[in-house]
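The structure under discussion appears below in the form of C-alpha cells.
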2 protein chains.
Amino acid sequence: MNELYVVGLGPGDPDLITVKGYKMLMDADLIYYPYTSFKYAENILIALGIDKKKMQPLEFPIRSLDLLKKIRENACRIKNSLEFYDSVVYAVEGDPMLYSTFLDLYRYLDCKVRFIPGISSINAAAAIFGIPMAEKDEIFTIIPAVNDYEYMKKMIMGTKNGAIIKAIGAKDVLKKLLDDEHLKKYYIMENVSLKSQKIYNNINDIDSYMALVILK
Amino acid sequence: MNELYVVGLGPGDPDLITVKGYKMLMDADLIYYPYTSFKYAENILIALGIDKKKMQPLEFPIRSLDLLKKIRENACRIKNSLEFYDSVVYAVEGDPMLYSTFLDLYRYLDCKVRFIPGISSINAAAAIFGIPMAEKDEIFTIIPAVNDYEYMKKMIMGTKNGAIIKAIGAKDVLKKLLDDEHLKKYYIMENVSLKSQKIYNNINDIDSYMALVILK
C-alpha cells in the first residue's frame, strides 16, 4: 500500500511552508485537510495555488458526541484512498507533531505515515516580534492554557522562557494571574503571519482562539 | 539604512527551508553565515545553489578569549554592509529564535532586523521518528543539557514530553541518569535530516555534538 504524507503548512503565511512540503502538495493526487469554520488550512492551500479538484476537506465536529466515530471514519477513508491514489497528502496548519489535528487521527490510521515538519505559530510569532525563544542553557516550555488557576500559576511562575497556546480557553485564569502579578513580561499575537495578524498589549484584550502568549 | 534579514535554514535537508527563506537567499546581494568546522550552514547554502561569490562566512571562535571582541567586530561588519548592499541576509541553521548563533550577535547589532523562521532540529527529528512532540493539554519542554546531575534529574523527572539538546555536553550525567533509571523512554538522533543522519538506541552511544534526545 502507498504511504500517507503529512505536510505541515506552517503558521498561515503561505510562503512559510517548506520547499519540501510545497513540492509534495504540488505533486499530490489527493490532499486531505482539516476543515474548520476559520478555514486556515484551506486558505493556505488556495493561496499556494493548489488545484481545488484535488482538495478534500475532513470535518472533525469538536462538540459532537460522535467525534470518535467521525475520526475513525475519516481514518478509514484516508487509508482506503491509499489504494487508489499514488500520492496522498494530509495537510495541517503549523507543525504536524505539535498539537495538530492530525494527531487524533494518527492512532487510528493503520498505514505507514511520513511527516514533513512545518513552522509552528510559536516560532513564527517569536520571529515576527524579534524576541528570542531561548538562548544558551535556557529552558523553553510550551504550555497549553488550562482553566485551572493554581496549575497555571505554578506553570507560569516556573517559566522564564515559554509560550502559552490556546490562551482563550483560560482567559479568566490568565486575567487573574495578571491582576495578581504572577504574569509579568509577555507578548500576545493572534493570527500569526496572516494579514489579519494582531498584536495585543494586554491579556484582557484576548478575543480569539488563535491568540498565543510569549513569556519572557 | 537597509534592514538585515535573518533566515532560518532549517535542520539540514536543504528542502526543509521555507519558501520565503529560499526566495530571500536567492534575491540577496550578500549572505553572511556562521562558519564552523562542521560547515552545516555552508553545506545547506551550497546545496540550495547559492552563488558562492555572495556567501560570506563569519567565524565565532568559541574557545577564544577574544570571542566578545570578534562578535562585536562581526556585528560592525554586518551593519556597515547594510549601507552598501540593498539586500543583506544572515543565514542560520535551524530556527533563528531558538538557540541560534545569531542571538549572540543580535544584542550588538545597531540596526533593524527581520526574522524568517526555520524548522528546528527538534521538530524535524519528531517528524522523522513519527513521534508527536505534544498533544492536547500536554506541556513540551526543551532542555539544553547541563553538566549537573541533580539539575538534569529534576528537569527530566518533571518532563513527560520534551527534548534534550546539546546532549553531548552532559553525556556522563545522562549516562548516570539512565543507569539510575531516571531516563526511561527516549529517542536519539544525530545530524537530523542529513544524509549522515543516525539513530541511536542508547544514550551511551552518543558521540556527536549534533545529537538530540526526544523524551516521551
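Note down all Cβ pairs under 9 Å where the first residue falls in the range A:150-169 and is closer than 12 Å to residue A:140 by Cβ, the second is surrounded by fewer than 17 Cβ atoms within 10 Å (Cβ to Cβ) and modelled with pLDDT under 95, and they're at least six residues apart or on different chains.
Between residues of the range A:150-169 that are closer than 12 Å to residue A:140 by Cβ and residues that are surrounded by fewer than 17 Cβ atoms within 10 Å (Cβ to Cβ) and modelled with pLDDT under 95, the close pairs are A:160/A:216; A:161/A:216; A:162/A:216.
Looking at (1) of a type outside the set (Asp, Glu); (2) exposed (fewer than 13 other Cβ atoms within 10 Å of the Cβ); (3) under 26 Å from residue B:121 (Cα atoms); (4) at pLDDT 95 or above, can you tell me which one residue B:37 breaks?
(4)
Yes or no: the range A:85-94 includes at least one residue that is more than 14 Å from the chain's Cα centre (by Cα) and aliphatic (A, V, I, L, M).
Scanning the range A:85-94, I find at least one residue that is more than 14 Å from the chain's Cα centre (by Cα) and aliphatic (A, V, I, L, M), so the answer is yes.
Residue by residue, here is whether (1) out of contact with any helix residue (DSSP H, G or I) (no Cβ under 7 Å at 6 or more places or on another chain); (2) over 11 Å from residue A:216 (Cα atoms) holds:
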position: A:122; (1), (2): yes, yes
position: A:128; (1), (2): yes, yes
position: A:144; (1), (2): yes, yes
position: A:147; (1), (2): no, yes
position: A:161; (1), (2): yes, no
position: A:166; (1), (2): yes, yes
position: A:178; (1), (2): no, yes
position: A:182; (1), (2): no, yes
position: A:193; (1), (2): no, yes
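Tell me whether the range B:18-38 contains one or more residues that are within 14 Å of chain A (Cβ to nearest Cβ), in contact (Cβ under 8 Å) with a residue 12 or more places away in the chain and over 27 Å from residue A:45 (Cα atoms).
No, that holds for no residue.
List the number of the failed condition for residue B:173; all other conditions in (1) within 9 Å of another protein chain (Cβ to nearest Cβ); (2) of a type in the set (A, V, I, L, M); (3) surrounded by fewer than 23 Cβ atoms within 10 Å (Cβ to Cβ) hold.
Condition (1) is where residue B:173 drops out.
Which residues, counting only those in the range A:62-118, are acidic (Asp, Glu) and either exposed (fewer than 12 other Cβ atoms within 10 Å of the Cβ) or closer than 27 Å to residue A:142 by Cβ (or both)?
Within the range A:62-118, A:66, A:83, A:86, A:93, A:95, A:104, A:110 meet the criteria.
Every residue in the range B:183-211 that is of a type in the set (Asp, Glu) and either buried (at least 18 other Cβ atoms within 10 Å of the Cβ) or part of a loop (DSSP other than H, G, I, E, B) (or both), please.
Correct list: B:190, B:207.
Which residues, counting only those in the range A:17-62, are touching a helix residue (DSSP H, G or I) at 6+ places or on another chain (Cβ under 6 Å) and in a helix (DSSP H, G or I)?
Result: A:19, A:20, A:22, A:44, A:47.
Can you pull out the residues in the range B:129-152 that are among the β-branched types (Val, Ile, Thr) and over 22 Å from residue B:190 (Cα atoms)?
The one that is among the β-branched types (Val, Ile, Thr) and over 22 Å from residue B:190 (Cα atoms): B:139.
The values are calculated or read from the model by the stated rules, or taken from the named source; none is laboratory data. Only a predicted model underlies this, so the values are computations on that prediction, with no experimental measurement involved. Neighbour counts run over all protein chains shown; Cβ positions are idealised from the backbone, glycine included.
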